Amino acid sequence: MKLLTFTVEGKTRPGALTGDRVVDLAAAGLPAGPHGGLIEIARGGDAMIERARKAMDDAKAKSYALKDVKLEAPIRRPPKVLAVGLNYIDHCKEANLPVPPEPVLFTKWSTSVCGPFDDLTWPAMLNGEVDYEVELGVVIGKRAVNVSEKDALSYVMGYTVVNDVSARTQQFANAKQWDRGKSFDTFCPYGPWIVTRDEIPDPHVLQVRTILNGKEMQNSNTRNLIFNVNKIIAYASQGTTLEPGDLIPTGTPFGVGFSRKPPVFLQDGDMCECEVEKVGTIKNRVRLK
């Protein structure tokens, strides 16, 4: 099932995609979060997912044509965006950095989140050195603390597509401000929906790609992750509570812009597409003021 957040007729609400139509889950009696999205459904766990599934099967359910709605970030303000750096060996090599012995975690502030088709923008202080990074995103579906790798996937609500947009001027400056460099407004577009975990029993066989202005820039597979989804969740949950709705981008493969010769950074007017097999594609236009 594909769960999403959409805006239509001036109102934002949770939905589910069936064919080319969006079922209005709020109209079917499911709760909407404070931003109109899926956070309350995420907090409801598997029981709430089942309610959403039944609403989709209801022939009388209120629905809209997908083309007539605006898709928002599925959970518009995740409790946490806990990202993983340097999680593909080929990316470590292109960045000229050693393969880490354990997952490298950093945060993207929740205010960096934007929709799957929203514009990307940033302040002039970044000197144009802004990069793309396609990533498989994991959305947590129930409270997780000190979980085992064996049980980790049972804590997953579903999977999504993330572009970990990165300001290299900040990330690689003397202070090496990873969090700030990856947390400017619009630097975490994701979606277009959350594909529930039952549809993707193995998240480690998915192709991931970035297409910039029609040219393929990244192409790899999640089988190449250094630390797989099980390991990431188990590691991140040691002593830290993961909450329903938390978003975990799992790392990007080879092909980012700053490592190219010459470097390729995002420019005004660019169209950046990030896709994950069996999940979907997000498309974001760069619009600088």
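The values are calculated or read from the model by the stated rules, or taken from the named source; none is laboratory data. This is a predicted model, so every value here is computed, not measured. Backbone-built Cβ (ideal geometry, glycine too); neighbour counts: all protein chains shown.
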Original post:
Of the residues in the stretch 231-244, how many are buried (at least 24 other Cβ atoms within 10 Å of the Cβ) and either touching a Lys or Arg at 6+ places or on another chain (Cβ under 9 Å) or at positive phi (or both)?
Top reply: 1
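Residue-by-condition table, conditions (1) closer than 28 Å to ILE41 by Cβ; (2) in a loop (DSSP other than H, G, I, E, B); (3) over 17 Å from the mean Cα position of the chain (by Cα):
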{"position": "PRO201", "(1), (2), (3)": "yes, yes, yes"}
{"position": "MET217", "(1), (2), (3)": "no, no, yes"}
{"position": "ARG223", "(1), (2), (3)": "no, no, yes"}
{"position": "GLY239", "(1), (2), (3)": "yes, yes, yes"}
{"position": "LEU266", "(1), (2), (3)": "no, yes, yes"}
{"position": "GLY269", "(1), (2), (3)": "no, yes, yes"}
{"position": "GLU275", "(1), (2), (3)": "yes, no, no"}
{"position": "ILE282", "(1), (2), (3)": "yes, no, no"}
Subject >> Selected residue (only one of LEU30, LEU3 is in contact with a Pro (Cβ under 9 Å, 6 or more places away or on another chain) and closer than 30 Å to TYR235 by Cβ) >> reply: LEU3
Subject >> In the stretch 3-22, the residues that are over 14 Å from ILE75 (Cβ atoms) and surrounded by fewer than 22 Cβ atoms within 10 Å (Cβ to Cβ) >> reply: THR7, VAL8, GLU9, GLY10, LYS11, LEU17, THR18, GLY19, ASP20, ARG21
Original post:
Which of (1) assigned to a strand (DSSP E or B); (2) surrounded by fewer than 19 Cβ atoms within 10 Å (Cβ to Cβ) does VAL161 not meet, given it meets every other one?
Top reply: (2)
Original post:
Just wondering, is there one or more residues in the stretch 109-120 that are of a type in the set (Phe, Trp, Tyr), at pLDDT 95 or above, more than 24 Å from ARG287 (Cα to Cα) and in the same structural domain as MET271 (by TED's automatic domain parsing)?
Top reply: no
Original post:
If you go through the stretch 9-48 one residue at a time, how many are acidic (Asp, Glu) and either within 20 Å of VAL138 (Cα to Cα) or in the same structural domain as LEU247 (by TED's automatic domain parsing) (or both)?
Top reply: 2
Original post:
Of ARG77, ARG51, which residue is outside the structural domain of GLU102 (by TED's automatic domain parsing) and free of Cβ contacts under 8 Å to residues at least 40 places away in the same chain?
Top reply: ARG51
Original post:
Taking only pairs six or more apart or across chains, which ones have beta-carbon atoms under 6 Å, a first residue in the stretch 172-190 that is modelled with pLDDT under 90, and a second residue that is exposed (fewer than 14 other Cβ atoms within 10 Å of the Cβ) and outside any strand (DSSP E or B)?
Top reply: none
Original post:
List the pairs whose first member sits in the stretch 114-141 and is without any contact (Cβ under 8 Å) to a residue 60 or more places away in the chain, whose second member is of a type in the set (Ser, Thr, Tyr), and whose Cβ atoms are under 8 Å apart, counting only residues at least 6 apart or on separate chains?
Top reply: MET125/THR169; LEU126/THR169; ASN127/THR169
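Yes or no, residue by residue, for (1) among the basic types (Lys, Arg); (2) outside any strand (DSSP E or B):
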position: GLY29; (1), (2): no, yes
position: PRO34; (1), (2): no, yes
position: ALA42; (1), (2): no, yes
position: ALA47; (1), (2): no, yes
position: ARG51; (1), (2): yes, yes
position: ALA61; (1), (2): no, yes
position: TYR64; (1), (2): no, no
position: LYS67; (1), (2): yes, yes
position: ARG77; (1), (2): yes, yes
Original post:
Which number in (1) farther than 24 Å from ARG76 by Cβ; (2) not in a strand (DSSP E or B) marks the one condition that THR186 misses?
Top reply: (1)
Original post:
Looking only at residues in the stretch 61-87 that are closer than 21 Å to THR241 by Cβ and among the β-branched types (Val, Ile, Thr), which one is surrounded by the most Cβ atoms within 10 Å (Cβ to Cβ)?
Top reply: ILE75
**OP:** Report whether or not SER110 is touching a residue at least 12 places away in the same chain (Cβ under 8 Å), surrounded by 16 or more Cβ atoms within 10 Å (Cβ to Cβ), under 24 Å from VAL229 (Cα atoms) and polar (S, T, N, Q).
**Re:** yes
